[in-house]
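To start, the structure itself, in structure tokens.
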Amino acid sequence: MSLSFLPTLVFVAVMLCWFAFGGIFLFRKKPPSPPDQKRAPGSNVGLVLQGLSYAIVWGARRMVLTPIASGNKFVAVTAALVAVISAIGSVMIIKSAVETLGKEWSVTARLVEGHKLATTGPYARVRHPIYTGMLGMLLATGLAMSSWKSLIVALIVFLIGTMIRIRSEESLLREAFGAEFENYARRVSAIMPGIY
């Protein structure tokens, strides 16, 4: 059985998820944002590294519409399934996380006036579900268009950037919420349930 359609299907599915991903941020209801109480500019370094990881998978592409593992049908089909499931799941996680945060959502780490610690929705499973979704989109994009080597490098760069952002953001949250945040952090993993 020929699987020549598979790379095209995966590419289309991942690109549609990218449009949905962008739409979540562009077309979300934007409630009036209260004034910042405090920002953590150190998270910007992590943001740049996360951006670099996406540049790696988008920039270091393999031949267009070819599978990531052309010699092995099982690996090609598995990678295709992981890419599509990861992309769709990531969009769903990010949409739920942005809705849960509402006016408190921000690109960079900050606390706003009247800030509440998010512990419901996807925040009941992981402390940083938007990063979980971003990781999923990186993986899906890499599997759809990049080489294994580029994807591995991109994942390492992304995880370093994410750890920097998490430390920066959680420093603000510890300062603001003290024991409430500590209890939450002990119960809930940072970006992958049961792993980290």
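When each of GLU99, GLU104 is tested for being surrounded by fewer than 16 Cβ atoms within 10 Å (Cβ to Cβ), more than 19 Å from VAL12 (Cβ to Cβ) and among the charged types (D, E, K, R), the lone residue that passes is GLU99. Filtered by the rule that a residue be closer than 16 Å to SER53 by Cα, in contact with a helix residue (DSSP H, G or I) (Cβ under 8 Å, 6 or more places away or on another chain) and charged (D, E, K, R), region 145-196 gives a lone residue, ARG165.
Within region 117-135, the set of residues being surrounded by fewer than 18 Cβ atoms within 10 Å (Cβ to Cβ) and in a helix (DSSP H, G or I) comprises GLY121, ALA124.
The set of residues from region 136-162 being farther than 30 Å from LEU6 by Cα and either open to solvent by 70 Å² or more (accessible area, probe 1.4 Å) or touching a His at 6+ places or on another chain (Cβ under 8 Å) (or both) comprises ILE160, THR162.
The values are calculated or read from the model by the stated rules, or taken from the named source; none is laboratory data. Model, not experiment: these values are computed from the prediction. Methodologically, a virtual Cβ is constructed for each residue, glycine included, from the backbone with ideal geometry; neighbour enumeration extends over all protein chains shown. Side chains are part of the model used for accessible areas, which takes the heavy atoms of the whole protein and leaves out ligands, DNA and RNA. Shrake-Rupley method; radii C 1.70, N 1.55, O 1.52, S 1.80 Å.
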